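Taken together, the values in this text are just the output of simple stated rules run on the coordinates, not laboratory data. Predicted model, so just to flag it, every value in this text is computed and none were measured. Positions of Cβ are backbone-derived with ideal geometry, glycine not excepted, and every protein chain shown enters the neighbour counts.
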Amino acid sequence: MAKSHSVFVCTSCGAQTRQFFGKCSSCGSWNTLIEQKQSSAPAADSRRRRPVAAAGELTGELAGGRPKRSEPIHAVGERPLQRLASGYAEFDRVLGGGLVPGSLVLLGGDPGIGKSTLLLQSCRAMAARTSVLYVSAEESAQQVKLRWRRLAEMGESPPELPEAQESLEQAPGVADLQLLAETDLELVLQELESLRPAVAIIDSIQALHDAELGSAPGSVAQVRECAAALARIAKRQDTALLLVGHVTKEGALAGPKVLEHLVDAVLTFEGDRFASHRLLRAVKNRFGATHELGVFEMRDRGLAEVSNPSELFLGSEEPSAGTATIVACEGTRPLVVELQALVSTTSYASPRRSATGIAANRLHQILAVLEKHLGLPLSRFDCYLAVAGGLEVEEPAADLGVAAAVVASYRDLCLPPGTVLVGELGLGGQLRAVGQLELRLGEAARLGFTRAVVPKGSGMAKVAAGIGLQLLEAGTVAEALVAALGVNPAEDRD
């Protein structure tokens, strides 16, 4: 009779140990070991390797015992890549132009952020052109039907569908959308094998359960084996597979890291619960560029695309002290963003530093450069910095805008209207060149900005003149602030 014993599996890396420890010895994560029952009986392995035959025993074997399955790379036939449009330009932008047949896409995000809403709205557009299977492993079929009807009745029809639709059942393409509420992996695989849909959605991968494994749904072993089984059938029958994934309390995708290596694209759906906009990012993409950004807005009728996202991250047109405007790039998309800074006298022995949307260490570095090279006594002042709209700006091209906002708040000055600042700040006070400058200047000119402060030697003088933008080049942060503010920030206040 088979005996069972307990093993402890790390939910982060999948490492196994016979004893419980607070810290995983493989990846160093704390409190990630969970107990699982495991049978000690040797399982029959149907995939056991066959003994290697002697040279010449296999028919058609090449000389020297080399396998016949391989071939020269130049002899491999090429197949045209025909992507499937999701029905939403922002979704297709992040995917690199649409869904690739046979690819696996992992979509993660916080609970209630709108992952299921986004996929259901995409299903509505895709089902009008191709076959779609929606597997709901977390909700019943009636719950999905209620959300579908609510989106169909309150939402606007996608561009591919006709405008007025009286009811859900009369909408074209609905017959091509199949709904399956099931958690058993074997039944899901049978449905995929029977229907052979062009697009399949699994909501979510953590809720699927393989009966051959003794662990609970959502465990490392379950997620790994379910994803591997789905990947095999998707590659075999060219089904574009969308997997919904949970996230941990730290914001990382739940499950083993091998899940992210297995899929072709990893997308994250982000957003502030106090704001209406949602950001779709590509962290990994084998068929397109990474770090692309798609912007949606959550409305009463569902998610709507935002064609001009710069409007979300710009403040009022009235100039105020301590504000500066930058042009950040997310992938190939330029975003005009407003920065807000507040510098006030500290009441403590150590001044406070707070940054929202900008890395705190980056703010500390910029403050140190301003104090060293401009002589501003910022070590005696509290400094607060925020990015309008809740956007996270990680690139160093925002350094000059941060410095201008801090100095403007310290001197109680307003930057002239229509001015944008782009540049990386070095520790020596010099300005460094940034990438995609032509793209940034074009977006600023499109939104009506008239002046741009950039690092010296950018070579964008003709480009700026052609789009009606006054280009102010500077070699140091002091020169840039004089050009932007019109006064020398190093001078004492009156």
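Here are the numbers:
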item	result
Under 5 Å, built H, 5+ apart or other chain: amide partners of L303	none
20 Å binning of all Cα-Cα separations within the chain, expressed as whole percents from 0 upward	19, 41, 31, 8, 0
Normalised convex hull volume, region 415-463, alpha-carbon set, Å³ per residue	78 Å³
Crossing angle, helix 115-126 versus the chain [Cα axis fit, 0-90 degrees, rounded to tens]	70 degrees
Karplus 3J(HN,Hα) series, Hz, for region 444-459 with 6.51 cos²θ - 1.76 cosθ + 1.60 (x for Gly, Pro)	5, 5, 5, 8, x, 6, 10, 10, 9, 9, 9, x, 5, x, 6, x
Cβ-placed point charges (K, R +1; D, E -1), dipole of region 89-307 about Cα centre in debye, nearest 20	400 debye
Three-way shape label, region 311-485, alpha-carbon gyration tensor, a/c 1.5	prolate
Space enclosed by the convex hull of the alpha-carbon atoms of region 206-267, per residue, Å³	85 Å³
Three-way shape label, region 295-377, alpha-carbon gyration tensor, a/c 1.5	prolate
Using alpha-carbon coordinates, inclination of helix 399-411 to the longest axis of the chain, degrees	40 degrees
With Cα atoms, 0 to 90° folded angle of helix 185-195 axis to the chain main axis	90 degrees
Members of K23/K235; K23/K257; K372/K456; K115/K235 lying beyond 27 Å, as alpha-carbon distances in this model show	K23/K235
Within region 404-494, trypsin sites (Lys or Arg not before Pro) in DSSP loop having at most 10 other beta-carbon neighbours inside 10 Å	R493
Top positive-direction residue, dipole computed over region 201-242 with Cβ charges, set A211, Q237, A221	Q237
Per-bin percent of Cα-Cα distances, region 89-307 [10 Å]	8, 35, 40, 16, 1, 0
With at most 15 neighbouring Cβ atoms within 10 Å, loop chymotrypsin sites (Phe, Trp or Tyr not before Pro) (DSSP) excluded, longest segment of the chain	22-273
Estimated vicinal HN-Hα couplings, Hz - region 256-261 in sequence order (Karplus 6.51, -1.76, 1.60; Gly, Pro = x)	x, 5, 5, 5, 6, 6
Region 220-235 - phi-based ³J(HN,Hα) in whole Hz, Karplus 6.51/-1.76/1.60, Gly and Pro as x	4, 5, 5, 5, 5, 6, 5, 5, 5, 5, 5, 5, 5, 6, 5, 5
Cα-based shape type of region 185-340, given that a ≥ b ≥ c are square roots of the gyration tensor eigenvalues and the cut on a/c is 1.5	prolate
Approximate shape of region 437-494 as ellipsoid semi-axes (Cα gyration tensor, √5λ), whole Å, largest first	24, 13, 8
Using a Förster distance of 25 Å, the FRET efficiency for L439-D300 (Cβ separation, nearest 0.05)	0.15
Nearest-20 debye value, the chain charge dipole, Cβ charges on Lys, Arg, Asp, Glu	1600 debye
